[in-house]
Amino acid sequence: MIRTLTAVFSILAVIALISGISTADEKKENKYTTKKFMQAVKTGGLHTKVIKGEATEAERKLFVAYVKALPANKPPKGAPESWKKLTEILVKATEAHLAGKEDSAEALTKAMNCKVCHTPHKVYPPKT
Ligand code: HEC
């Protein structure tokens, strides 16, 4: 119980921190890297749970923390304007979905489209 509370509070603190100083903080490495987000998306289907409304409170908070960290994270490739646009659409779609807005599940599904973001911003390992 205490551990859960501690975890919730530290996540809340991080969210507050990120939303307060999102872009000013580029140099400092945060724990919500794009890579870690992607691993949670792939192995745990974190976004699917959130979209379907099946995520636990902790999972929802984790998703929000990852999403909010994205705009300030640097993608391995691609134009900064494109990255900013894609990640801010995702932030907005996440907020709308958690606020229970109509059609927000579709919007969030679209904003989480793997290929739309990977094509400009993910470096694919060279084929051997
Ligand atoms: C808003 C942009 C964006 C969206 C949406 C997105 N990705 Fe990614 N993804 C990235 C970027 C950028 C990288 C490269 C991260 C790096 O190397 O630092 C990446 C890397 C990955 C990786 C490799 C992680 C690793 O360990 O190197 C996987 C797996 C992945 N994404 C899965 C997915 C899946 C599955 C979806 C869709 C459900 C998705 N991603 C949607 C931006 C995105």
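Coordinate-derived values only; no laboratory data. Just so you know, these numbers come straight off a predicted model, no measurement behind them. Note that each Cβ is placed from the backbone with ideal geometry, even for glycine, and that neighbours are counted across all protein chains shown.
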Run the quick spin-label model on ARG3 and LYS74: label points 7 Å from Cα toward the beta carbon, then report their separation in nm to one decimal. 3.6 nm
Under a crude label model (7 Å from the Cα following the beta-carbon direction), how far is ALA99 from GLU54 in nanometres? 2.7 nm
Would you kindly derive the ³J(HN,Hα) couplings of the stretch 100-105 from the backbone phi angles with the Karplus curve 6.51 cos²θ - 1.76 cosθ + 1.60 (θ = phi - 60°), listing them in order in whole Hz, with x for Gly and Pro? x, 5, 5, 6, 6, 5
At 0.36 nm per residue, and after removing the present C-alpha to C-alpha distance, how many nm does the segment from LYS127 to LYS36 gain when stretched out fully? 30.4 nm
Extension gain, SER82 back to THR43 (0.36 nm per residue minus Cα-Cα distance, nm): 11.4 nm
Pairs LYS61/LYS85; LYS52/LYS92; LYS52/LYS122; LYS36/LYS68; LYS85/LYS110: which are spaced more than 19 Å apart, C-alpha to C-alpha? LYS61/LYS85; LYS52/LYS122
